[in-house]
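Undergrad: The structure's right below; bear with me while I get my questions together.
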Amino acid sequence: MAEPGWDSWLATRATVRQRRGLQREDTAAAGLFDLSSNDYLGLSGHRDIRQAAAQAALDYGAGASASRVAAGTLPVHRELEAGLCDYAQRQAALVFSSGYTANLGVLAALGGPGSLFILDAHAHASLIDGARLSGAEVATAAHNDLADFTRLLEANCSAQRPKPRVLLVVESVYSVFGDAAPLPGLAALCAEFGALLLVDEAHSLAATGQGSAVLAAGLAGHGRVVSTATLSKALGSQGGAVLMGGPGAVALRDHLVNTARTFIFDTALSPAAAAGALAALRLAGPQRRGALAENALLIRDQLQAHPAVAGHVEAGAGAVLSVKMPSAGAATRAAETLAAQGISVACFRPPSVPDGISRIRLTAHAHHGHPELSAAVHAVARAIIQEDS
Ligand SMILES: Cc1ncc(COP(=O)(O)O)c(C=O)c1O
């Protein structure tokens, strides 16, 4: 029998997790056919990136040794920021130690009394946490619902209740559903209400057609559109960034350098990760992105060809494809069945699913050959059907 206090509390939490089918494991997926990682372009193991990372570690050391505002800024950080600006056609960039800290940093730096953040209901945990930390008033709009964003703007920006600083917070491609935010409509709303738009490009930078959803929407030079990105997904490295455009970009970057706590009070991005991401930018061109889009389409088409599965497949906009499962237990069992067959898929269950519906999530990869990918998708369909029957 567990002791009262911490031990019994931990034991109770574990029992509840097990009973609800929510137990997570940090088991290694190495060696499995990869339909779960975010290494969309297969760059993390690319020779050029390994070499760039290794060379930077030799040149600068294993770590950056200090915060960027102490002694931690290295030439490779500046080169990476210039490279990101070129790649995404933005005017200024600031690199953080992860995508998570980039989101926390920028949101907290833009918050405080007098600001209102309107988050999409499916915003990533790092955006929610950043909003909570920021001290801003926080409202939630229904997922991808422009009318609901408009309603909240109208309710909060009336003459009786003026809000000087409003920020809309969305993901370009949603990490769980794989669908895209209506960026042009959101940017138009921002122009109408004098708001800023924060777009988390974690699943679109280097992973969608033009390399950036903000760029593809014609918003890269827009001063009211700020993006965040991770260097840990399509760029195959580690780290995060805030990207800014328009005439106010330099002032905003300066504000972040001076106020973003996860920039100031965090050791700078490791030189190896920075150099790896920089090398990845050179490799993440239209050819690899085109192969990724083709494989994402193949996965979607093949799953939808199974009548018993088609109704569960969300129509993804990027490389993320989400399949609804009847329960958390069914999602877990399907993922386990597939792992036993040598295929790795992600299993999303509460609290990672904003709508409480458990899912299997498949991610496409540019480097998969069509025959092996088809065979794996066929196995996925069988596992889903088995759990659904
Ligand atoms: C939408 C989104 N934002 C931010 C992050 C955090 O990025 P990182 O893993 O680089 O911290 C992730 C990664 O899981 C994500 O999916």
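The values are calculated or read from the model by the stated rules, or taken from the named source; none is laboratory data. Just so you know, these numbers come straight off a predicted model, no measurement behind them. Positions of Cβ are backbone-derived with ideal geometry, glycine not excepted, and every protein chain shown enters the neighbour counts. With ligands, DNA and RNA removed, areas are computed over all heavy atoms of the protein, side chains included. Shrake-Rupley method; radii C 1.70, N 1.55, O 1.52, S 1.80 Å.
Undergrad: Assuming R0 = 35 Å, can you tell me the calculated FRET efficiency for the pair ARG17 and HIS378, based on Cβ-Cβ distance, to the nearest 0.05? Present the calculation step by step, with values, prior to reporting the outcome.
TA: Details: r = 32 Å, r/R0 = 0.91.
The computed FRET efficiency comes out at 0.65.
Undergrad: According to the square roots a ≥ b ≥ c of the eigenvalues of the Cα gyration tensor, what is the shape class of the stretch 156-220, taking rounded for a/c under 1.5, prolate for a/b larger than b/c otherwise, and oblate for the remainder?
TA: prolate
Undergrad: Let me ask something else about it. In terms of the Cα gyration tensor, with a ≥ b ≥ c the square roots of its eigenvalues, is the stretch 47-283 rounded because a/c is under 1.5, prolate because a/b exceeds b/c, or oblate?
TA: On the way: a/c = 2.15, a/b = 1.65, b/c = 1.30.
Prolate is the answer for the stretch 47-283, as a/c is 1.5 or above and a/b outweighs b/c.
Undergrad: HN-Hα J couplings of the stretch 380-388 from phi, Karplus 6.51/-1.76/1.60, θ = phi - 60°, integer Hz, Gly and Pro as x?
TA: So the Karplus estimates, Gly and Pro as x, are 4, 4, 4, 5, 5, 4, 4, 7, 8 Hz.
Undergrad: Round to a whole number: what % of the accessible area of the chain belongs to carbon and sulfur, probe 1.4 Å? If you can, show how the numbers build up before the last one.
TA: Numbers: 9000 of 16460 Å².
Of all accessible area on the chain, carbon and sulfur atoms account for 55 percent.
Undergrad: For the stretch 47-283, give the share of DSSP beta bridges that are antiparallel, in percent and rounded to the nearest 5; count only bridges with both residues there. Write out the running numbers ahead of the final one.
TA: On the way: 12 of 31 bridges.
The antiparallel proportion sits near 40 percent.
Undergrad: Keeping every protein chain present and rolling a 1.4 Å probe, give me the accessible area per residue for the chain in Å². Don't jump to the answer; show the numbers that get you there.
TA: On the way: 16460 Å² over 389 residues.
Accessible area per residue, the chain: 42 Å².
Undergrad: Amide H neighbours of LEU168 under 5 Å, counting only residues 5+ apart in sequence or on other chains, H built in-plane at 1.01 Å?
TA: Sorted by chain and number, the residues that satisfy this are ILE118, LEU196, LEU197, LEU198.
Undergrad: 222 nm [θ] for the chain, helices only, -39500 (n - 2.57) per DSSP H run of 4+, per residue, to 500?
TA: Values: 15 runs with 174 residues, N = 389.
The per-residue figure over the chain is -14000 deg cm²/dmol.
Undergrad: Please give the FRET efficiency for ARG165 paired with ILE385, using the beta carbon to beta carbon distance and R0 = 41 Å, rounded to the nearest 0.05.
TA: Numbers: r = 50 Å, r/R0 = 1.22.
Once the sixth-power term is evaluated, E becomes 0.25.
Undergrad: Given axes a ≥ b ≥ c from the Cα gyration tensor, I'd like to know whether the stretch 245-381 is rounded (a/c under 1.5), prolate (a/b larger than b/c) or oblate. Write out the running numbers ahead of the final one.
TA: Numbers: a/c = 2.29, a/b = 1.71, b/c = 1.34.
Prolate is the answer for the stretch 245-381, as a/c is 1.5 or above and a/b outweighs b/c.
Undergrad: With the crude spin-label approximation of a point 7 Å out along Cα→Cβ, what separation in nm comes out for VAL250 versus ALA54?
TA: 4.0
Undergrad: How large is ³J(HN,Hα), in whole Hz, for each residue of the stretch 54-61 in order, when computed from phi with the Karplus curve 6.51 cos²θ - 1.76 cosθ + 1.60 and θ = phi - 60°, using x for Gly and Pro?
TA: Once θ is set to phi - 60°, the couplings for the stretch 54-61 become 5, 5, 5, 5, 5, 6, 10, x Hz.
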